[in-house]
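Participant: I am attaching a structure below and will ask some questions about it afterwards.
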Amino acid sequence: MLRFLTSGESHGKGLIAMVEGFPAGLDVDVEKINDELFKRQQGYGRGARQKIERDQAVVMSGVRHGTTTGAPISLVIENKDWENWLDVMSTTPIDLTDSAIAEKMAKKLIKHFRPGHADLAGTIKYGHDDIRDVLERASARETAARVAAGALCQQLLAAFGIKVSSHVIQVGSVKAELKEYDNLADLDADIADSELFCANQKSAEEMKEFIKKTWTEGDSLGGVIEVLADGLPVGLGSYTQWDRKLDGRLAQALMSIQAMKAVELGDGMTASGLKGSQVHDALYPSAGELPFKRVTNRAGGLEGGMTNGERLVARVFMKPIPTLLRGLDSVSYPDFKAHKADYERSDVCAIAAASVVARAMVAITLAGAFLDKFGGDSISDIRHSYENYRTKLRVGANARSDSD
Ligand code: EPS
């Protein structure tokens, strides 16, 4: 079983991702991890913080001479901004009789909830005195750790020909005009030069204008991301128990990203209003790698909680960021009096960054399901089991068709 956890605060010393149950024998390219971290920092609509940070992963454990050992892998990302928060975010007690420290603390104390943020429920639930105790961990800064773990998992998947890509398909009300991609490498190439990781440059310009306008209004925006994965074998996940169903696991992984409010798999949303014959993907015999084929993929590569050999198609819907320059009506804490919400330096639209996070979360989930299916101690054992499974399907189909 692949497990993964993160720790770290937005303005603390740094972030940690720990990946446990990762197989031995994979050569790790740290540059590829850093490349994904860099991409997560891009995107039109981000605030000043990204000018401070240069996210880089330091591998602390689980890798020796560039190859995984099977031990837990810890990836550490330093917060460069930490030096501006030494007292405010200190993990050791501070001296509040020191007037300079007390002044800094008072300046950074957060007293007014931001509607839509974890502030209110988190402060009440954990009994904090300062809303900052919630903000620091609920912040989307944490997603840097997810991206590092995801980039590691993408390398595992790539060793078995599985590729995960993502792109932005909507910003606020501006929808991108989309085309079909047979090869995900072409999609990656089309988003490479886009400030919003949107494959259509004309749509991306409209999105940018919309973000600019929203910025001047002191407001924020969300959007929609599409994540696609190719090369998946039939049968990752399972129909046998609710928590093994891959559609459910993917939905949880994507919904757990800060500010995500909905997930769609395949044509999930429109399918509800159509008839069965308009929705399900008919099957036909094939002499190809798989003994069957389809001409549609409305299911988005998932049936019965399992991959079905088609491209995985997932969309994730992000709400506008709850930190608004113009401040919504709110209440103060702890006295609950009417007051505008606090503004803390923030982004206007983080959809481009979120698209990198979304593919990381999908990669982590798929890598987990892949290891569940093919075993997990070493790459060579997994390869053996994987090849055996593929051969069995092909040989079985040929034998059955010979006996017809
Ligand atoms: C965030 C607020 C901003 C963002 C941050 C998420 O941080 P700051 O308050 O330091 O300006 O930049 O995202 C990141 C730091 C990041 O690396 O993604 C929030 O409140 O969620």
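Participant: Between His384 and Asp35, what is the FRET efficiency for a Förster distance of 35 Å, r being their Cβ-Cβ separation, to the nearest 0.05? Don't jump to the answer; show the numbers that get you there.
Facilitator: Numbers: r = 31 Å, r/R0 = 0.87.
With a Förster radius of 35 Å, E is 0.70.
Participant: Rounded to whole Hz and in sequence order, give me ³J(HN,Hα) for segment 289-295 from the Karplus expression 6.51 cos²θ - 1.76 cosθ + 1.60, θ = phi - 60°, writing x for Gly and Pro.
Facilitator: 3, 9, x, 8, 8, 9, 10
Participant: When the Karplus curve 6.51 cos²θ - 1.76 cosθ + 1.60 is applied with θ = phi - 60°, which whole-Hz ³J(HN,Hα) does each residue of segment 71-84 get, with x for Gly and Pro?
Facilitator: In residue order, the calculated couplings are 7, x, 9, 10, 10, 10, 10, 7, 8, 5, 5, 3, 5, 8 Hz.
Participant: Compute the separation of the alpha-carbon centres of segment 146-201 and segment 254-301 and state it in Å as a whole number.
Facilitator: Segment 146-201 and segment 254-301 have Cα centres spaced 19 Å from each other.
Participant: Which whole-number percentage describes the relative contact order of segment 1-133, with Cα contacts under 8 Å and a sequence gap of 6 or more?
Facilitator: Details: 185 pairs, mean separation 30.5, N = 133.
The value is 23 percent.
Participant: Sticking with this structure for a sec: Would you mind getting me the FRET efficiency between Asn183 and Glu78? Use the beta-carbon distance for r and R0 = 60 Å, nearest 0.05.
Facilitator: Working: r = 36 Å, r/R0 = 0.61.
Computed FRET efficiency for Asn183 and Glu78 comes out at 0.95.
Participant: Continuing with the same structure: Of Ala271, Ala140, Ala199, which has the largest mean-square fluctuation in a 10 Å C-alpha GNM of the chain?
Facilitator: Of Ala271, Ala140, Ala199, the Gaussian network model singles out Ala271 as fluctuating most.
Participant: Name the shape class, rounded, prolate or oblate, that the alpha-carbon gyration tensor gives for segment 123-213, where a ≥ b ≥ c are the square roots of its eigenvalues, rounded holds for a/c under 1.5, and otherwise prolate holds if a/b is larger than b/c and oblate otherwise. Show your work: numbers first, answer last.
Facilitator: Numbers: a/c = 3.50, a/b = 1.38, b/c = 2.53.
Since a/c reaches 1.5 but b/c is at least a/b, the shape of segment 123-213 is classed as oblate.
Participant: If the only charges are +1 at each Lys and Arg Cβ and -1 at each Asp and Glu Cβ, what is the size of the charge dipole of the chain around the Cα centre, to the nearest 20 debye?
Facilitator: Values: 50 positive and 56 negative charges, 122 e Å.
With Lys and Arg at +1 and Asp and Glu at -1, about 580 debye.
Participant: How much net charge surrounds Ala341 when only other residues with a Cβ under 15 Å from its Cβ are counted (Lys, Arg +1; Asp, Glu -1)?
Facilitator: Numbers: positive: Lys111, Arg114, Arg132, Arg326, Lys337, Lys340, Arg345; negative: Asp119, Asp219, Asp329, Asp342, Glu344.
Around Ala341, the charge tally is +2.
Participant: Now for a different question. Residues in segment 306-338 near a label at Glu344, defined as backbone nitrogen under 12 Å from the 7 Å Cα→Cβ point?
Facilitator: 322-324
Participant: Quote the charge dipole size of segment 254-404 about the Cα centre in Debye, to the nearest 20; the model charges only the Cβ of Lys and Arg (+1) and of Asp and Glu (-1). Intermediate values should be presented prior to the final figure.
Facilitator: On the way: 19 positive and 17 negative charges, 65 e Å.
For this selection, approximately 320 debye.
Participant: Per residue of segment 12-29, what does 6.51 cos²θ - 1.76 cosθ + 1.60 with θ = phi - 60° give for ³J(HN,Hα)? Whole Hz please, x for Gly and Pro, Karplus curve as stated.
Facilitator: Listing the rounded values in order: x, 5, x, 10, 10, 10, 10, 10, 10, x, 7, x, 7, x, 9, 6, 9, 9 Hz.
Participant: Between helix 246-255 and the chain, what is the angle of the helix's C-alpha long axis to the longest principal axis, kept within 0 to 90° and rounded to the nearest 10?
Facilitator: The answer is roughly 20 degrees.
Participant: For Lys293, enumerate residues with amide H under 5 Å from its amide H, sequence gap 5+ or separate chain, H modeled in the peptide plane.
Facilitator: Under 5 Å from the amide H of Lys293 lie the amide H atoms of Tyr284, Ser286, each far enough along the sequence or on another chain.
Participant: Where a ≥ b ≥ c are the square roots of the eigenvalues of the C-alpha gyration tensor, would you call segment 177-255 rounded, which needs a/c under 1.5, or, failing that, prolate if a/b is larger than b/c, or oblate? Don't skip to the answer; put the middle values down first.
Facilitator: On the way: a/c = 4.36, a/b = 1.66, b/c = 2.62.
Because a/c hits 1.5 or more and a/b fails to exceed b/c, segment 177-255 counts as oblate.
Participant: Another question, if that's okay. How about segment 205-263: which chymotrypsin sites (Phe, Trp or Tyr not before Pro) there lie in a loop by DSSP and see at most 14 other Cβ atoms within 10 Å?
Facilitator: On the way: sites: Phe210, Trp215, Tyr239, Trp242; in loops: Tyr239.
When the chymotrypsin sites (Phe, Trp or Tyr not before Pro) of segment 205-263 are filtered for loop state and at most 14 Cβ neighbours within 10 Å, Tyr239 remain.
Participant: Given the options Gly300, Gly116, Gly12, which has the most mean-square fluctuation in a GNM of the chain, springs set between C-alpha atoms less than 10 angstrom apart?
Facilitator: Highest fluctuation among the options: Gly116.
Participant: For the pair Val295 and Leu274, what calculated FRET efficiency results from E = 1/(1 + (r/R0)^6), where r is the Cβ-Cβ distance and R0 = 25 Å, to the nearest 0.05?
Facilitator: On the way: r = 17 Å, r/R0 = 0.68.
Efficiency, rounded to the nearest 0.05: 0.90.
Participant: Based on the alpha-carbon gyration tensor of segment 65-218 and its eigenvalue square roots a ≥ b ≥ c, which shape applies: rounded if a/c is under 1.5, prolate if not and a/b is larger than b/c, or oblate? Can you show the working numbers first?
Facilitator: Values: a/c = 2.73, a/b = 1.46, b/c = 1.87.
Oblate shape, in that a/c is at least 1.5 and b/c is the bigger or equal ratio.
Participant: While we're looking at this one, here's another question. With a 10 Å cut-off between alpha carbons and a GNM built on the chain, which of Lys13, Lys80, Lys275 moves the most?
Facilitator: Lys275
Participant: Let me ask something else about it. Can you give me the relative contact order of segment 3-382 as a percent, contacts being Cα pairs under 8 Å and 6 or more apart?
Facilitator: Numbers: 782 pairs, mean separation 89.6, N = 380.
Relative contact order comes out at 24 percent.
Each reported figure results from applying straightforward, stated rules to the coordinates on display, with no laboratory input. Because the structure is predicted, anything quoted here is derived from the model rather than measured. Glycine gets a Cβ as well: all are built from the backbone with ideal geometry, and neighbour counts include every protein chain shown.
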